[in-house]
1. Looking only at Cα atoms, what is the convex hull volume of chain B per residue, in Å³?
2. State the Cα centre-to-centre distance between region B:134-202 and region A:32-79 in whole Å.
3. If you average over every viewing direction, what projected area does the convex hull of the Cα atoms of region B:283-346 give, in nm²?
4. Quick check: residue separation of B:E176 and B:D161 times 0.36 nm, minus the Cα distance between them. What number comes out in nm?
5. Among the trypsin sites (Lys or Arg not before Pro) in region A:70-148, which ones are in a DSSP loop with at most 16 other Cβ atoms within 10 Å of the Cβ? Mind listing them?
6. Given H placed 1.01 Å from N in the peptide plane, which residues other than close sequence neighbours of B:G247 have an amide H under 5 Å from its amide H?
7. At what distance in nm do the modelled label points of B:T277 and A:D14 sit from each other, each positioned 7 Å from its Cα along Cα→Cβ?
8. Rounded, prolate or oblate for region B:60-110? Axes are the square roots of the Cα gyration tensor eigenvalues, ordered a ≥ b ≥ c, and the cut-off for rounded is a/c under 1.5.
Amino acid sequence: MFDIKDLYQEVIVDHNRSPRNFGKLDDANKTLEGFNPLCGDRLTLYLKTDGNKIDDIAFDGSGCAISVASASLMTDAMKGKSLDEAEGLFNEFHDLITTENEVDTEQLGKLAALAGVRDYPARVKCASLCWHTLHAVIQGDDNPVSTE
Amino acid sequence: MNKQNTATKLTNEASFDVEKVRADFPILFEQVRGKPLVYLDNAATAQKPKQVIKTLDTYYREYNSNIHRGVHTLSEKATAVYEEARNKVKEFINADSIKEIIFTRGTTESINLVAQTFGRNNLSSNDEIIITELEHHSNIVPWQILSEQTGATLKYVPINDAGELILEEYEKLLNEKTRLVTIGHISNALGTINPIETIIEKAHAVGAKVLIDGAQAVPHTRVDVNELNCDFYAFSGHKLFGPTGIGVLYGKQALLEAMPPYQGGGDMIKTVSMKKTTYNDLPHKFEAGTPHIAGVIGLGSAIDYVSEIDLHEAAEYENQLLQYANEQAAQISGLVPVGTAKNKTSIFSFTLDGIHPHDIGTILDDEGIAIRAGHHCAMPVMERFKIPATARASFAFYNTREDVDALIQGIDKCKQVFS
Ligand SMILES: Cc1ncc(COP(=O)(O)O)c(C=O)c1O
(Lines give C-alpha, C1' and ligand atoms only; values in the text may rest on other atoms or scores of the structure.)
Protein backbone atom coordinates (compact mmCIF):
# COMPACT_ATOMS: atom_id res chain seq x y z
CA MET A 1 0.00 0.00 0.00
CA PHE A 2 1.04 3.54 -0.67
CA ASP A 3 2.49 5.29 2.33
CA ILE A 4 2.33 9.04 2.82
CA LYS A 5 6.02 8.89 3.73
CA ASP A 6 6.71 7.96 0.11
CA LEU A 7 5.52 11.44 -0.76
CA TYR A 8 7.07 13.23 2.17
CA GLN A 9 10.46 11.54 2.06
CA GLU A 10 13.18 12.66 4.39
CA VAL A 11 14.93 14.61 1.66
CA ILE A 12 11.77 16.62 1.08
CA VAL A 13 11.09 17.26 4.74
CA ASP A 14 14.69 18.36 5.12
CA HIS A 15 14.73 20.66 2.09
CA ASN A 16 11.44 22.18 3.25
CA ARG A 17 12.78 22.85 6.72
CA SER A 18 16.06 24.29 5.49
CA PRO A 19 15.74 25.24 1.85
CA ARG A 20 19.02 25.55 -0.05
CA ASN A 21 19.76 28.55 -2.26
CA PHE A 22 17.01 30.48 -0.52
CA GLY A 23 17.12 34.26 -0.78
CA LYS A 24 17.68 36.97 -3.29
CA LEU A 25 20.65 36.76 -5.64
CA ASP A 26 22.06 40.27 -5.81
CA ASP A 27 24.02 39.83 -9.02
CA ALA A 28 21.29 37.93 -10.87
CA ASN A 29 20.88 38.86 -14.52
CA LYS A 30 17.56 37.03 -14.89
CA THR A 31 14.64 37.16 -12.46
CA LEU A 32 11.12 35.80 -12.84
CA GLU A 33 8.11 35.24 -10.60
CA GLY A 34 5.87 32.19 -10.58
CA PHE A 35 2.39 31.84 -9.03
CA ASN A 36 -0.03 29.12 -8.31
CA PRO A 37 -3.23 31.17 -8.09
CA LEU A 38 -5.26 28.24 -6.86
CA CYS A 39 -3.32 27.80 -3.65
CA GLY A 40 -1.41 31.05 -3.38
CA ASP A 41 2.09 29.56 -3.69
CA ARG A 42 4.51 32.10 -5.08
CA LEU A 43 8.21 32.12 -5.75
CA THR A 44 10.82 34.27 -7.40
CA LEU A 45 13.66 32.66 -9.27
CA TYR A 46 17.04 34.42 -9.60
CA LEU A 47 19.60 33.33 -12.20
CA LYS A 48 23.10 34.43 -12.92
CA THR A 49 24.06 33.10 -16.31
CA ASP A 50 27.24 33.31 -18.29
CA GLY A 51 26.36 32.69 -21.89
CA ASN A 52 24.80 29.24 -21.97
CA LYS A 53 25.82 28.34 -18.43
CA ILE A 54 24.01 28.75 -15.10
CA ASP A 55 26.64 30.21 -12.78
CA ASP A 56 24.36 30.68 -9.84
CA ILE A 57 20.67 30.25 -9.03
CA ALA A 58 18.49 31.00 -6.03
CA PHE A 59 14.84 31.44 -5.09
CA ASP A 60 12.59 32.93 -2.47
CA GLY A 61 8.86 32.96 -1.79
CA SER A 62 6.35 30.91 0.16
CA GLY A 63 4.54 27.69 -0.42
CA CYS A 64 3.88 24.16 0.73
CA ALA A 65 6.60 21.62 1.50
CA ILE A 66 6.37 20.11 -1.95
CA SER A 67 6.90 23.41 -3.73
CA VAL A 68 9.66 24.65 -1.41
CA ALA A 69 11.54 21.34 -1.46
CA SER A 70 11.15 21.11 -5.21
CA ALA A 71 12.63 24.59 -5.71
CA SER A 72 15.41 23.84 -3.26
CA LEU A 73 16.33 20.58 -5.00
CA MET A 74 16.00 22.09 -8.44
CA THR A 75 18.29 25.02 -7.71
CA ASP A 76 20.84 22.63 -6.21
CA ALA A 77 20.74 20.53 -9.35
CA MET A 78 21.05 23.48 -11.73
CA LYS A 79 24.29 25.05 -10.57
CA GLY A 80 26.89 24.82 -13.28
CA LYS A 81 24.50 23.27 -15.79
CA SER A 82 24.11 24.57 -19.32
CA LEU A 83 20.70 25.90 -20.34
CA ASP A 84 20.27 22.93 -22.65
CA GLU A 85 21.00 20.50 -19.84
CA ALA A 86 18.50 22.38 -17.69
CA GLU A 87 15.79 21.96 -20.32
CA GLY A 88 16.64 18.27 -20.61
CA LEU A 89 16.29 17.84 -16.87
CA PHE A 90 12.98 19.72 -16.97
CA ASN A 91 11.58 17.13 -19.39
CA GLU A 92 12.94 14.25 -17.35
CA PHE A 93 11.47 15.69 -14.15
CA HIS A 94 8.12 16.32 -15.77
CA ASP A 95 7.97 12.65 -16.79
CA LEU A 96 8.92 11.64 -13.28
CA ILE A 97 6.01 13.40 -11.60
CA THR A 98 3.30 12.95 -14.22
CA THR A 99 3.88 9.56 -15.82
CA GLU A 100 4.77 5.99 -15.01
CA ASN A 101 7.49 6.10 -17.68
CA GLU A 102 10.98 4.90 -16.97
CA VAL A 103 13.13 7.86 -16.01
CA ASP A 104 16.85 8.37 -15.83
CA THR A 105 17.26 8.32 -12.05
CA GLU A 106 20.99 8.78 -12.35
CA GLN A 107 20.52 12.04 -14.17
CA LEU A 108 17.78 13.15 -11.77
CA GLY A 109 19.77 12.36 -8.65
CA LYS A 110 18.08 13.68 -5.51
CA LEU A 111 15.21 15.07 -7.59
CA ALA A 112 13.90 11.51 -7.80
CA ALA A 113 12.68 11.98 -4.23
CA LEU A 114 9.69 13.82 -5.70
CA ALA A 115 8.43 10.74 -7.55
CA GLY A 116 5.63 10.27 -4.99
CA VAL A 117 3.88 13.34 -6.37
CA ARG A 118 2.56 11.31 -9.28
CA ASP A 119 0.12 9.60 -6.93
CA TYR A 120 -1.28 12.99 -5.90
CA PRO A 121 -2.38 14.76 -9.08
CA ALA A 122 -3.55 17.75 -7.05
CA ARG A 123 0.05 18.34 -6.00
CA VAL A 124 1.76 18.16 -9.39
CA LYS A 125 1.47 21.92 -9.76
CA CYS A 126 3.19 22.46 -6.44
CA ALA A 127 6.20 20.41 -7.54
CA SER A 128 6.37 21.89 -11.02
CA LEU A 129 5.90 25.61 -10.29
CA CYS A 130 9.63 26.30 -9.96
CA TRP A 131 10.36 24.25 -13.06
CA HIS A 132 7.83 26.08 -15.20
CA THR A 133 9.32 29.32 -13.96
CA LEU A 134 12.83 28.17 -14.86
CA HIS A 135 11.64 27.00 -18.26
CA ALA A 136 10.09 30.42 -18.89
CA VAL A 137 13.30 32.20 -17.87
CA ILE A 138 15.30 30.08 -20.29
CA GLN A 139 12.78 30.76 -23.04
CA GLY A 140 13.32 34.46 -22.39
CA ASP A 141 9.79 35.07 -21.12
CA ASP A 142 9.31 38.25 -19.04
CA ASN A 143 5.77 37.59 -17.87
CA PRO A 144 5.18 36.03 -14.46
CA VAL A 145 4.39 32.35 -14.75
CA SER A 146 1.04 31.05 -13.61
CA THR A 147 0.18 27.39 -13.22
CA GLU A 148 -3.49 27.99 -14.09
CA MET B 1 -33.08 36.75 17.12
CA ASN B 2 -31.83 34.45 19.81
CA LYS B 3 -32.00 31.41 17.54
CA GLN B 4 -28.67 32.48 16.12
CA ASN B 5 -26.94 32.70 19.43
CA THR B 6 -26.29 29.02 19.69
CA ALA B 7 -22.54 29.24 19.52
CA THR B 8 -21.72 29.11 23.18
CA LYS B 9 -24.64 27.15 24.55
CA LEU B 10 -24.22 23.61 25.69
CA THR B 11 -27.08 21.22 25.99
CA ASN B 12 -27.57 17.53 26.19
CA GLU B 13 -26.05 15.99 23.09
CA ALA B 14 -28.53 13.15 23.12
CA SER B 15 -31.21 15.52 21.84
CA PHE B 16 -29.84 15.20 18.32
CA ASP B 17 -29.90 11.78 16.71
CA VAL B 18 -26.81 11.83 14.51
CA GLU B 19 -26.94 8.14 13.55
CA LYS B 20 -30.42 8.66 12.13
CA VAL B 21 -29.33 11.50 9.82
CA ARG B 22 -26.09 9.73 8.85
CA ALA B 23 -28.13 6.86 7.48
CA ASP B 24 -29.64 9.30 4.98
CA PHE B 25 -26.26 10.19 3.41
CA PRO B 26 -24.93 7.26 1.35
CA ILE B 27 -21.59 8.91 0.59
CA LEU B 28 -20.66 8.87 4.28
CA PHE B 29 -20.22 5.10 3.94
CA GLU B 30 -17.72 5.37 1.09
CA GLN B 31 -14.02 4.63 1.44
CA VAL B 32 -11.28 7.05 0.41
CA ARG B 33 -7.74 5.76 -0.07
CA GLY B 34 -8.80 2.62 1.72
CA LYS B 35 -10.15 4.41 4.79
CA PRO B 36 -13.74 5.31 5.74
CA LEU B 37 -14.52 8.80 4.49
CA VAL B 38 -14.47 11.55 7.11
CA TYR B 39 -16.07 14.46 5.33
CA LEU B 40 -15.15 17.79 6.92
CA ASP B 41 -15.47 20.09 3.94
CA ASN B 42 -19.10 21.01 4.36
CA ALA B 43 -18.54 24.73 3.97
CA ALA B 44 -17.36 24.05 0.41
CA THR B 45 -20.31 21.85 -0.39
CA ALA B 46 -22.59 19.65 1.66
CA GLN B 47 -23.37 16.01 0.91
CA LYS B 48 -26.77 15.00 -0.44
CA PRO B 49 -29.31 12.86 1.38
CA LYS B 50 -30.82 9.88 -0.45
CA GLN B 51 -34.17 11.71 -0.52
CA VAL B 52 -32.67 14.41 -2.77
CA ILE B 53 -30.85 11.86 -4.92
CA LYS B 54 -34.11 9.95 -5.37
CA THR B 55 -36.02 13.10 -6.31
CA LEU B 56 -33.49 13.86 -9.05
CA ASP B 57 -33.59 10.27 -10.26
CA THR B 58 -37.39 10.27 -10.38
CA TYR B 59 -37.49 13.57 -12.26
CA TYR B 60 -35.16 12.30 -14.97
CA ARG B 61 -36.81 8.88 -15.16
CA GLU B 62 -40.44 9.88 -15.00
CA TYR B 63 -41.21 13.46 -15.96
CA ASN B 64 -38.18 15.18 -17.49
CA SER B 65 -39.40 17.95 -19.82
CA ASN B 66 -39.19 21.67 -20.34
CA ILE B 67 -41.35 23.98 -18.25
CA HIS B 68 -43.71 26.90 -18.81
CA ARG B 69 -44.06 26.07 -22.48
CA GLY B 70 -45.44 22.62 -23.19
CA VAL B 71 -49.08 21.66 -23.16
CA HIS B 72 -48.25 18.04 -22.65
CA THR B 73 -48.60 16.15 -19.42
CA LEU B 74 -44.92 15.84 -18.59
CA SER B 75 -44.35 19.54 -19.02
CA GLU B 76 -47.32 20.33 -16.85
CA LYS B 77 -46.01 18.05 -14.14
CA ALA B 78 -42.45 19.44 -14.34
CA THR B 79 -43.79 23.01 -14.27
CA ALA B 80 -45.94 22.25 -11.25
CA VAL B 81 -43.11 20.64 -9.28
CA TYR B 82 -40.73 23.45 -10.29
CA GLU B 83 -43.14 26.12 -9.06
CA GLU B 84 -43.91 24.10 -5.95
CA ALA B 85 -40.19 24.25 -5.14
CA ARG B 86 -40.34 28.02 -5.45
CA ASN B 87 -43.09 28.02 -2.91
CA LYS B 88 -40.99 25.83 -0.62
CA VAL B 89 -38.16 28.37 -0.81
CA LYS B 90 -40.59 31.17 -0.05
CA GLU B 91 -41.84 29.34 3.05
CA PHE B 92 -38.32 28.34 4.05
CA ILE B 93 -37.08 31.92 4.29
CA ASN B 94 -40.50 33.41 5.05
CA ALA B 95 -40.73 35.72 2.04
CA ASP B 96 -44.02 37.49 1.34
CA SER B 97 -44.55 36.18 -2.15
CA ILE B 98 -43.20 33.71 -4.69
CA LYS B 99 -42.56 36.76 -6.88
CA GLU B 100 -39.66 37.51 -4.57
CA ILE B 101 -37.91 34.19 -5.20
CA ILE B 102 -35.59 34.18 -8.23
CA PHE B 103 -33.73 31.02 -9.18
CA THR B 104 -30.08 31.53 -10.14
CA ARG B 105 -27.01 29.35 -10.56
CA GLY B 106 -25.95 30.05 -7.00
CA THR B 107 -24.96 32.74 -4.56
CA THR B 108 -22.39 34.08 -6.99
CA GLU B 109 -24.93 34.64 -9.74
CA SER B 110 -27.45 36.09 -7.29
CA ILE B 111 -24.94 38.73 -6.22
CA ASN B 112 -23.88 39.50 -9.78
CA LEU B 113 -27.52 39.86 -10.74
CA VAL B 114 -28.08 42.51 -8.09
CA ALA B 115 -24.85 44.31 -9.01
CA GLN B 116 -25.66 44.46 -12.71
CA THR B 117 -29.35 45.39 -12.41
CA PHE B 118 -30.01 47.19 -9.15
CA GLY B 119 -26.43 48.41 -9.00
CA ARG B 120 -26.12 49.76 -12.51
CA ASN B 121 -29.51 51.39 -12.28
CA ASN B 122 -29.02 53.08 -8.96
CA LEU B 123 -25.36 53.86 -8.44
CA SER B 124 -23.13 56.58 -9.78
CA SER B 125 -19.81 58.18 -8.98
CA ASN B 126 -21.11 59.99 -5.91
CA ASP B 127 -22.33 56.83 -4.30
CA GLU B 128 -20.76 54.39 -1.88
CA ILE B 129 -21.04 50.66 -1.33
CA ILE B 130 -20.03 49.14 1.99
CA ILE B 131 -18.66 45.61 2.13
CA THR B 132 -16.40 43.95 4.69
CA GLU B 133 -12.95 42.40 5.01
CA LEU B 134 -14.62 39.08 5.75
CA GLU B 135 -16.30 38.57 2.40
CA HIS B 136 -16.01 35.68 0.00
CA HIS B 137 -14.62 36.78 -3.38
CA SER B 138 -18.11 36.41 -4.84
CA ASN B 139 -19.23 39.29 -2.62
CA ILE B 140 -16.21 41.44 -3.50
CA VAL B 141 -15.46 41.12 -7.19
CA PRO B 142 -18.99 41.90 -8.53
CA TRP B 143 -18.84 45.17 -6.59
CA GLN B 144 -15.37 45.99 -7.86
CA ILE B 145 -16.68 45.48 -11.38
CA LEU B 146 -19.70 47.66 -10.63
CA SER B 147 -17.43 50.27 -9.12
CA GLU B 148 -15.40 50.36 -12.35
CA GLN B 149 -18.57 50.66 -14.39
CA THR B 150 -20.25 53.37 -12.33
CA GLY B 151 -17.48 55.13 -10.43
CA ALA B 152 -19.13 54.26 -7.12
CA THR B 153 -16.69 53.88 -4.21
CA LEU B 154 -16.19 50.62 -2.28
CA LYS B 155 -15.59 50.81 1.45
CA TYR B 156 -14.52 47.92 3.66
CA VAL B 157 -15.56 47.31 7.26
CA PRO B 158 -12.45 46.01 9.06
CA ILE B 159 -12.31 43.01 11.40
CA ASN B 160 -10.59 42.50 14.73
CA ASP B 161 -8.12 39.75 15.67
CA ALA B 162 -10.94 37.35 16.50
CA GLY B 163 -12.40 37.81 13.04
CA GLU B 164 -15.37 39.92 14.14
CA LEU B 165 -16.56 43.02 12.34
CA ILE B 166 -15.71 46.24 14.12
CA LEU B 167 -19.13 47.81 14.31
CA GLU B 168 -17.93 51.27 15.33
CA GLU B 169 -15.96 51.39 12.09
CA TYR B 170 -19.04 50.31 10.18
CA GLU B 171 -21.01 53.17 11.70
CA LYS B 172 -18.30 55.62 10.69
CA LEU B 173 -18.47 54.43 7.09
CA LEU B 174 -22.22 54.86 6.85
CA ASN B 175 -23.46 58.18 5.48
CA GLU B 176 -26.04 59.65 3.15
CA LYS B 177 -23.97 58.54 0.14
CA THR B 178 -24.20 54.88 1.11
CA ARG B 179 -26.50 53.20 -1.39
CA LEU B 180 -25.83 49.58 -0.57
CA VAL B 181 -24.41 47.51 2.25
CA THR B 182 -23.53 43.99 1.14
CA ILE B 183 -22.33 41.53 3.71
CA GLY B 184 -22.03 37.86 4.50
CA HIS B 185 -24.36 36.44 7.13
CA ILE B 186 -21.69 33.91 8.17
CA SER B 187 -18.03 33.95 7.10
CA ASN B 188 -16.91 30.87 5.17
CA ALA B 189 -13.25 31.31 6.09
CA LEU B 190 -13.69 31.87 9.83
CA GLY B 191 -17.26 30.95 10.73
CA THR B 192 -18.04 34.33 12.28
CA ILE B 193 -21.78 34.99 12.58
CA ASN B 194 -22.23 38.67 11.81
CA PRO B 195 -24.77 40.80 13.69
CA ILE B 196 -26.75 41.40 10.53
CA GLU B 197 -29.89 42.59 12.35
CA THR B 198 -27.99 45.60 13.67
CA ILE B 199 -26.17 46.11 10.40
CA ILE B 200 -29.42 46.12 8.42
CA GLU B 201 -31.12 48.52 10.81
CA LYS B 202 -28.26 51.01 10.72
CA ALA B 203 -28.03 50.84 6.93
CA HIS B 204 -31.73 51.50 6.57
CA ALA B 205 -31.40 54.47 8.89
CA VAL B 206 -29.28 56.23 6.25
CA GLY B 207 -31.52 55.03 3.41
CA ALA B 208 -29.17 52.32 2.09
CA LYS B 209 -30.33 48.94 0.84
CA VAL B 210 -28.83 45.73 2.20
CA LEU B 211 -27.83 42.49 0.49
CA ILE B 212 -27.02 39.49 2.66
CA ASP B 213 -24.80 36.70 1.33
CA GLY B 214 -26.38 33.76 3.11
CA ALA B 215 -24.37 30.96 1.47
CA GLN B 216 -22.98 29.73 4.80
CA ALA B 217 -26.01 30.60 6.88
CA VAL B 218 -28.93 28.61 5.49
CA PRO B 219 -27.49 25.21 6.48
CA HIS B 220 -26.99 26.33 10.07
CA THR B 221 -29.68 28.82 11.05
CA ARG B 222 -33.29 29.55 10.32
CA VAL B 223 -33.43 32.56 8.06
CA ASP B 224 -36.48 34.80 8.15
CA VAL B 225 -36.13 37.57 5.57
CA ASN B 226 -39.23 39.29 6.89
CA GLU B 227 -37.91 39.53 10.39
CA LEU B 228 -34.45 40.51 9.16
CA ASN B 229 -35.97 43.10 6.85
CA CYS B 230 -33.06 42.71 4.42
CA ASP B 231 -33.58 43.91 0.86
CA PHE B 232 -31.82 41.01 -0.85
CA TYR B 233 -30.75 37.60 0.41
CA ALA B 234 -28.63 35.19 -1.65
CA PHE B 235 -27.81 31.52 -1.12
CA SER B 236 -26.73 28.32 -2.91
CA GLY B 237 -28.55 25.00 -3.03
CA HIS B 238 -25.43 22.86 -2.84
CA LYS B 239 -24.43 24.02 0.62
CA LEU B 240 -27.96 23.21 1.79
CA PHE B 241 -27.71 19.50 0.88
CA GLY B 242 -29.16 20.17 -2.58
CA PRO B 243 -27.67 20.01 -6.08
CA THR B 244 -24.93 22.26 -7.43
CA GLY B 245 -25.76 24.83 -10.06
CA ILE B 246 -28.86 26.13 -8.36
CA GLY B 247 -29.30 29.05 -6.02
CA VAL B 248 -31.72 31.67 -4.89
CA LEU B 249 -31.99 35.41 -4.92
CA TYR B 250 -34.62 36.83 -2.62
CA GLY B 251 -35.47 40.46 -3.23
CA LYS B 252 -38.19 42.72 -1.92
CA GLN B 253 -40.88 42.84 -4.57
CA ALA B 254 -40.87 46.61 -5.07
CA LEU B 255 -37.13 46.58 -5.67
CA LEU B 256 -37.29 43.66 -8.09
CA GLU B 257 -40.15 45.34 -10.00
CA ALA B 258 -38.03 48.45 -10.51
CA MET B 259 -34.92 46.58 -11.63
CA PRO B 260 -34.18 45.98 -15.32
CA PRO B 261 -33.82 42.37 -16.46
CA TYR B 262 -30.47 40.63 -16.01
CA GLN B 263 -30.36 38.48 -19.12
CA GLY B 264 -32.60 38.43 -22.18
CA GLY B 265 -34.10 35.34 -23.74
CA GLY B 266 -36.96 32.90 -23.55
CA ASP B 267 -39.28 32.78 -20.54
CA MET B 268 -38.46 36.31 -19.39
CA ILE B 269 -40.67 38.00 -21.99
CA LYS B 270 -44.38 38.55 -22.52
CA THR B 271 -44.26 39.55 -26.17
CA VAL B 272 -41.41 40.09 -28.55
CA SER B 273 -41.67 42.03 -31.77
CA MET B 274 -38.90 43.36 -33.96
CA LYS B 275 -39.34 46.77 -32.39
CA LYS B 276 -40.05 46.12 -28.77
CA THR B 277 -40.22 43.47 -26.11
CA THR B 278 -42.33 43.53 -23.00
CA TYR B 279 -40.88 41.71 -20.07
CA ASN B 280 -42.56 38.98 -18.15
CA ASP B 281 -43.83 39.45 -14.59
CA LEU B 282 -41.84 38.54 -11.52
CA PRO B 283 -40.19 36.21 -10.87
CA HIS B 284 -39.87 35.08 -14.51
CA LYS B 285 -38.44 38.43 -15.60
CA PHE B 286 -35.13 37.32 -14.08
CA GLU B 287 -35.14 33.73 -15.31
CA ALA B 288 -34.17 33.86 -18.97
CA GLY B 289 -33.79 30.59 -20.84
CA THR B 290 -34.41 27.02 -19.80
CA PRO B 291 -33.51 26.94 -16.13
CA HIS B 292 -31.85 24.17 -14.12
CA ILE B 293 -35.15 22.35 -13.68
CA ALA B 294 -33.70 19.29 -11.97
CA GLY B 295 -31.70 21.59 -9.71
CA VAL B 296 -34.76 23.52 -8.62
CA ILE B 297 -36.71 20.34 -7.98
CA GLY B 298 -33.74 18.90 -6.08
CA LEU B 299 -33.48 22.07 -4.02
CA GLY B 300 -37.17 21.74 -3.16
CA SER B 301 -36.43 18.23 -1.94
CA ALA B 302 -33.43 19.44 0.10
CA ILE B 303 -35.64 22.04 1.76
CA ASP B 304 -38.16 19.32 2.59
CA TYR B 305 -35.29 17.38 4.13
CA VAL B 306 -33.92 20.16 6.32
CA SER B 307 -37.42 21.21 7.30
CA GLU B 308 -37.76 17.82 9.00
CA ILE B 309 -34.66 18.57 11.03
CA ASP B 310 -34.68 20.99 13.90
CA LEU B 311 -31.95 23.28 12.58
CA HIS B 312 -31.67 24.93 15.97
CA GLU B 313 -30.94 21.59 17.62
CA ALA B 314 -28.62 20.62 14.77
CA ALA B 315 -26.68 23.87 15.16
CA GLU B 316 -26.24 23.21 18.86
CA TYR B 317 -24.99 19.76 18.08
CA GLU B 318 -22.53 21.16 15.50
CA ASN B 319 -21.30 23.67 18.04
CA GLN B 320 -20.63 20.88 20.49
CA LEU B 321 -18.48 19.26 17.83
CA LEU B 322 -16.66 22.55 17.31
CA GLN B 323 -16.11 22.95 21.02
CA TYR B 324 -14.82 19.39 21.26
CA ALA B 325 -12.46 20.06 18.34
CA ASN B 326 -11.23 23.23 20.03
CA GLU B 327 -10.57 21.37 23.28
CA GLN B 328 -8.68 18.60 21.53
CA ALA B 329 -6.75 21.05 19.38
CA ALA B 330 -5.67 23.05 22.41
CA GLN B 331 -3.50 20.03 23.35
CA ILE B 332 -1.59 20.22 20.07
CA SER B 333 1.48 22.42 20.25
CA GLY B 334 1.94 24.74 17.30
CA LEU B 335 -1.72 24.66 16.32
CA VAL B 336 -3.17 28.16 15.99
CA PRO B 337 -6.94 28.54 15.49
CA VAL B 338 -7.81 31.30 13.03
CA GLY B 339 -11.17 32.96 13.67
CA THR B 340 -12.16 32.94 17.30
CA ALA B 341 -15.33 35.02 17.23
CA LYS B 342 -17.62 34.67 20.23
CA ASN B 343 -20.54 33.98 17.96
CA LYS B 344 -19.55 31.50 15.28
CA THR B 345 -20.65 28.40 13.41
CA SER B 346 -18.92 25.06 13.21
CA ILE B 347 -15.95 26.13 11.12
CA PHE B 348 -12.54 25.21 12.47
CA SER B 349 -9.81 27.08 10.59
CA PHE B 350 -6.24 26.69 11.76
CA THR B 351 -2.55 26.78 10.97
CA LEU B 352 0.21 24.47 12.20
CA ASP B 353 3.68 25.83 12.89
CA GLY B 354 6.08 24.83 10.12
CA ILE B 355 3.53 22.82 8.14
CA HIS B 356 1.77 24.38 5.18
CA PRO B 357 -2.02 23.86 4.98
CA HIS B 358 -1.71 22.06 1.63
CA ASP B 359 0.55 19.47 3.16
CA ILE B 360 -1.95 19.07 5.99
CA GLY B 361 -4.68 18.60 3.37
CA THR B 362 -2.74 15.88 1.55
CA ILE B 363 -1.74 14.00 4.68
CA LEU B 364 -5.32 14.09 6.00
CA ASP B 365 -6.61 12.94 2.61
CA ASP B 366 -4.36 9.94 2.92
CA GLU B 367 -6.29 9.13 6.10
CA GLY B 368 -9.63 9.47 4.30
CA ILE B 369 -10.28 12.91 5.80
CA ALA B 370 -11.52 15.67 3.51
CA ILE B 371 -10.79 19.22 4.59
CA ARG B 372 -10.15 22.41 2.67
CA ALA B 373 -6.71 23.98 2.50
CA GLY B 374 -6.14 27.35 0.94
CA HIS B 375 -7.38 30.91 1.04
CA HIS B 376 -11.06 29.87 0.92
CA CYS B 377 -11.84 32.50 -1.72
CA ALA B 378 -11.30 35.09 0.98
CA MET B 379 -7.84 36.48 0.27
CA PRO B 380 -8.48 39.75 2.16
CA VAL B 381 -9.10 37.66 5.30
CA MET B 382 -5.77 35.86 4.82
CA GLU B 383 -4.10 39.23 4.25
CA ARG B 384 -5.62 40.52 7.48
CA PHE B 385 -4.12 37.60 9.42
CA LYS B 386 -0.88 37.77 7.41
CA ILE B 387 -1.04 34.11 6.40
CA PRO B 388 -1.15 32.63 2.90
CA ALA B 389 -3.69 29.97 3.75
CA THR B 390 -5.38 27.97 6.47
CA ALA B 391 -6.55 24.40 6.89
CA ARG B 392 -10.30 24.36 7.46
CA ALA B 393 -12.51 21.64 8.86
CA SER B 394 -16.20 22.52 8.61
CA PHE B 395 -18.83 20.42 10.32
CA ALA B 396 -22.36 19.48 9.34
CA PHE B 397 -24.99 17.83 11.50
CA TYR B 398 -24.02 14.40 10.18
CA ASN B 399 -20.48 14.64 11.57
CA THR B 400 -19.57 12.90 14.81
CA ARG B 401 -17.12 13.10 17.69
CA GLU B 402 -15.30 10.20 16.02
CA ASP B 403 -14.80 12.44 12.99
CA VAL B 404 -13.18 15.02 15.27
CA ASP B 405 -10.98 12.28 16.79
CA ALA B 406 -9.91 11.24 13.29
CA LEU B 407 -9.08 14.85 12.48
CA ILE B 408 -6.98 15.25 15.61
CA GLN B 409 -5.15 11.98 14.94
CA GLY B 410 -4.59 13.14 11.37
CA ILE B 411 -3.05 16.37 12.63
CA ASP B 412 -0.75 14.32 14.86
CA LYS B 413 0.23 12.33 11.79
CA CYS B 414 1.12 15.58 10.01
CA LYS B 415 3.44 16.45 12.84
CA GLN B 416 5.02 13.00 12.72
CA VAL B 417 5.63 13.22 8.98
CA PHE B 418 7.35 16.56 9.43
CA SER B 419 9.22 15.70 12.60
C1 LIG C 1 -19.85 33.05 2.11
C2 LIG C 1 -19.94 32.56 0.70
N3 LIG C 1 -20.42 33.37 -0.24
C4 LIG C 1 -20.54 32.99 -1.52
C5 LIG C 1 -20.17 31.74 -1.93
C6 LIG C 1 -20.29 31.38 -3.38
O7 LIG C 1 -21.22 30.38 -3.55
P8 LIG C 1 -21.37 29.65 -4.94
O9 LIG C 1 -20.00 29.23 -5.36
O10 LIG C 1 -22.27 28.50 -4.65
O11 LIG C 1 -21.97 30.63 -5.90
C12 LIG C 1 -19.66 30.85 -0.99
C13 LIG C 1 -19.24 29.50 -1.40
O14 LIG C 1 -18.12 29.08 -1.35
C15 LIG C 1 -19.54 31.28 0.35
O16 LIG C 1 -19.05 30.45 1.29
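The values are calculated or read from the model by the stated rules, or taken from the named source; none is laboratory data. Keep in mind the model is a prediction, meaning the values are calculated, not measured. Quick reminder, even Gly has a Cβ in these numbers, built from the backbone with ideal geometry, and neighbours come from all protein chains shown. Protein only, heavy atoms only, side chains kept; ligands, DNA and RNA dropped before computing areas. Shrake-Rupley method; radii C 1.70, N 1.55, O 1.52, S 1.80 Å.
1. Value for chain B: 142 Å³ per residue.
2. Cα centres, region B:134-202 to region A:32-79: 38 Å.
3. 7.7
4. Details: separation 15, 0.36 × 15 = 5.40 nm, distance 2.96 nm.
2.4 nm is the gain from fully extending B:E176 to B:D161.
5. The qualifying sites are A:K79, A:K81.
6. Sorted by chain and number, the residues that satisfy this are B:T104, B:R105, B:G106, B:G237.
7. For the pair B:T277/A:D14, the computed spacing is 6.7 nm.
8. On the way: a/c = 2.40, a/b = 1.78, b/c = 1.35.
Prolate shape, in that a/c is at least 1.5 and a/b is the bigger ratio.
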